[in-house]
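See below for the structure under consideration.
Each value in this text was obtained by applying a stated rule to the coordinates, not by laboratory testing. It should be emphasised that the depicted structure is a prediction, and the values quoted were computed from it without experimental measurement. Virtual Cβ from ideal backbone geometry, glycine too; neighbours counted across all protein chains shown.
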Amino acid sequence: MVSENILLEVKGLRKYFPVKRGVFRRVVGHVKAVDHVDLFIRQGETFGLVGESGCGKTTIGRVILRLIEPSGGEIRFRSRKLAGNSNPRREVNIVTASSNELKLLRRDMQIIFQDPYSSLDPRMTVGAIVGEPLTVHHVAKGSEWEDRVRRLLDAVGLNPEQMKRYPHQFSGGQRQRIGIARALALEPELVIADEPVSALDVSIQAQVINLLQDLQQQFGLTYLLIAHDLSVVKYISDRVAVMYLGKIVELSKTEDLFLNPKHPYTEALMSAVPVPDPDYPMAQILLEGDVPSPLNPPDGCYFHPRCRYAKEVCKNEPPIYRDLGHEHFVSCHFADTLSLQPIQFTKA
């Protein structure tokens, strides 16, 4: 692993949700939502995290922020705020951070939620929503508070004169811009964008994605982009990790991943992306069966019951998550020998 400029490093991260049954609510098992995940994010990059619904993408984002408590592992963040904006940065393990450290870390890490409707308080004005972080962290008040809120609204393309309006008076795309402005209020370094455009019309999605890119350049942001739309991820991400059943099965630079996938699940995801060409011969790979339960995952490779390349070793031995070179990590017994189909967004 190249260690230069790493802002966030995750090692062996686990999040297991207990399953309780019976009158006495005894624990009878655990849902392995996140199961030994390793990744790192460099300063200034956009790191994409993709996979099917329920694979653990959102859980990773919320555990990194300690919005939900992890079951194990390490989350190391090199904080500017904890170091008093000086160099070298102070490295802190978020998993074991104290409440005082977490409050300071909140100024360095923020989240953009998926649903622009339920993530905004309908009883608060837009100005109060965007300015709430400034109030909670005692960053600004009075005229300075109002000036900063106005600048934030202007930065995301909203009219500052609308700050006294309520969320229901805005469209879905405008509400998501309000959520983005709120996330930027404390000048964070890391922003976790949890499917920020999935609830929006297609015509609005491009506007929001372009806005995120512009803000990244303007404020020096680092993104963890959680998404299921591969075309969005390919457009905006520098590196991409593919998740399946709580595990990362492949991680690589975006171009390398899309041109040279090494895991059968990545190949299947890519084949499902619609190509804007009616004459293009579709080669969609249909996965057999359903996603196994994270309460009782299969032995060996978690993907083997649905993999068309699976062999006996896949059923019995879990594959090692390894680097094939050039920071292309994969968890597959046969990654060196498989010749997989790359994605085609345009006619060949």
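Stretched out fully, how many nm does the piece from Val275 to His36 gain, at 0.36 nm a residue minus the Cα gap? Please report the intermediate quantities before stating the final value.
On the way: separation 239, 0.36 × 239 = 86.04 nm, distance 3.43 nm.
Net length gain for the segment: 82.6 nm.
Provide Lys234, Lys11 in ascending order of the number of other Cβ atoms located within 10 Å of each residue's Cβ, fewest first.
Sorted ascending by nearby Cβ count, the order is Lys11, Lys234.
Check which residues have an amide H placed less than 5 Å from Ile248's amide H, if you skip close sequence neighbours.
Amide H to amide H, under 5 Å and 5 or more residues apart or across chains, Ile248 pairs with Asp38.
Specify the angular offset, from 0 to 90 degrees and rounded to the nearest 10, of the alpha carbon long axis of helix 172-184 from the longest principal axis of the alpha carbons in the chain.
Helix 172-184 sits roughly 80 degrees off the main axis of the chain.
Once you order the gyration tensor axes a ≥ b ≥ c over the Cα atoms, which shape class does the stretch 141-227 get: rounded for a/c under 1.5, otherwise prolate or oblate by comparing a/b with b/c?
oblate
Using the number of other C-beta atoms within 10 angstrom as an exposure proxy, rank Thr96, Thr125, Thr266, Thr135 with the fewest first. Spell out each step's value before the answer.
Numbers: Thr96 9, Thr125 16, Thr266 27, Thr135 13.
Ordered from fewest to most neighbouring Cβ atoms within 10 Å, Thr96, Thr125, Thr266, Thr135 come out as Thr96, Thr135, Thr125, Thr266.
Listed here are the pairs Lys81/Lys103; Lys15/Lys103; Lys15/Lys247; Lys15/Lys57; which of them are more than 18 Å apart at the Cα?
Flagged as over cut-off: Lys15/Lys103.
By counting other Cβ atoms within 10 Å of each Cβ, how are Ser119, Ser237 ranked from fewest to most?
Ranking Ser119, Ser237 by Cβ neighbours within 10 Å, fewest first, gives Ser119, Ser237.
Checking the a/c ratio against 1.5 first, then a/b against b/c, what shape does the Cα gyration tensor give for the stretch 1-148?
Working: a/c = 1.90, a/b = 1.27, b/c = 1.49.
Oblate, because a/c is 1.5 or more while a/b does not exceed b/c.
Is the stretch 64-146 best put as rounded, prolate or oblate by its Cα gyration tensor, with a ≥ b ≥ c the root eigenvalues, rounded for a/c under 1.5, and otherwise prolate when a/b is larger than b/c, oblate when not?
The shape class here is oblate.
Taking θ = phi - 60°, what integer Hz values does the Karplus form 6.51 cos²θ - 1.76 cosθ + 1.60 yield along the stretch 328-339, in sequence order, with x for Gly and Pro?
Going residue by residue, I get 9, 9, 8, 10, 7, 4, 10, 4, 6, 10, 6, 10 Hz, with x marking Gly and Pro.
Can you tell me how much longer the chain between Met124 and Tyr166 gets when fully stretched, taken as 0.36 nm per residue apart minus their C-alpha distance, in nm with one decimal?
Working it through step by step, the gained length comes to 14.5 nm.
I'd like the orientation of helix 126-136 relative to the chain: the angle between its Cα long axis and the longest Cα principal axis, in ° from 0 to 90, rounded to 10.
The angle comes out near 90 degrees.
Can you give me the Kirkwood hydrodynamic radius for the stretch 161-317, using every pair of distinct Cα atoms, in Å to one decimal? Working shown, then result.
Numbers: mean 1/r = 0.0544 Å⁻¹.
This gives a value of 18.4 Å.
Taking the Cα atoms of the stretch 1-69, what is the range of coordinates along each of the three principal axes, in descending order and whole Å?
52, 22, 20
Around Leu224, which amide H atoms from residues at least 5 apart in sequence, or from another chain, sit under 5 Å from its own amide H, with H modelled in the peptide plane?
It is Phe47, Val191, Ile192, Ala193, by chain and number.
Could you identify which residue out of Thr254, Thr337, Thr59 has the top mean-square fluctuation in a GNM of the chain using Cα springs shorter than 10 Å?
Checking each option, the largest mean-square fluctuation is seen for Thr337.
To the nearest 500 deg cm²/dmol, what mean residue ellipticity at 222 nm is calculated for the chain from DSSP H runs of n ≥ 4 alone, each contributing -39,500 (n - 2.57), summed and divided by the residues?
Dividing the helical sum by the residues of the chain leaves -8000 deg cm²/dmol.
Tell me the label only: which of (1) 23.7; (2) 20.5; (3) 17.6 is mean projected area of the Cα convex hull in nm² as calculated from this structure?
(2)
Return the sequence-ordered ³J(HN,Hα) values of the stretch 185-202 in whole Hz as given by the Karplus equation 6.51 cos²θ - 1.76 cosθ + 1.60 applied to θ = phi - 60°, using x for Gly and Pro.
4, 9, 6, x, 9, 10, 10, 9, 9, 8, 6, x, 10, 5, 8, 9, 4, 4
Under a straight-distance cross-link criterion of Cα-Cα below 20 Å, which lysines are reachable from Lys20, leaving out those fewer than 8 residues away in the same chain?
Straight-line reach from Lys20, under 20 Å: Lys32.
So if R0 is 41 Å, what FRET efficiency would Asp154 and Ser98 give, r being the distance between their Cβ atoms, rounded to the nearest 0.05?
0.65
Roughly what angle does helix 142-155 make with the longest principal axis of the chain, taking Cα atoms, 0 to 90 degrees, to the nearest 10?
The angle comes out at about 40 degrees.
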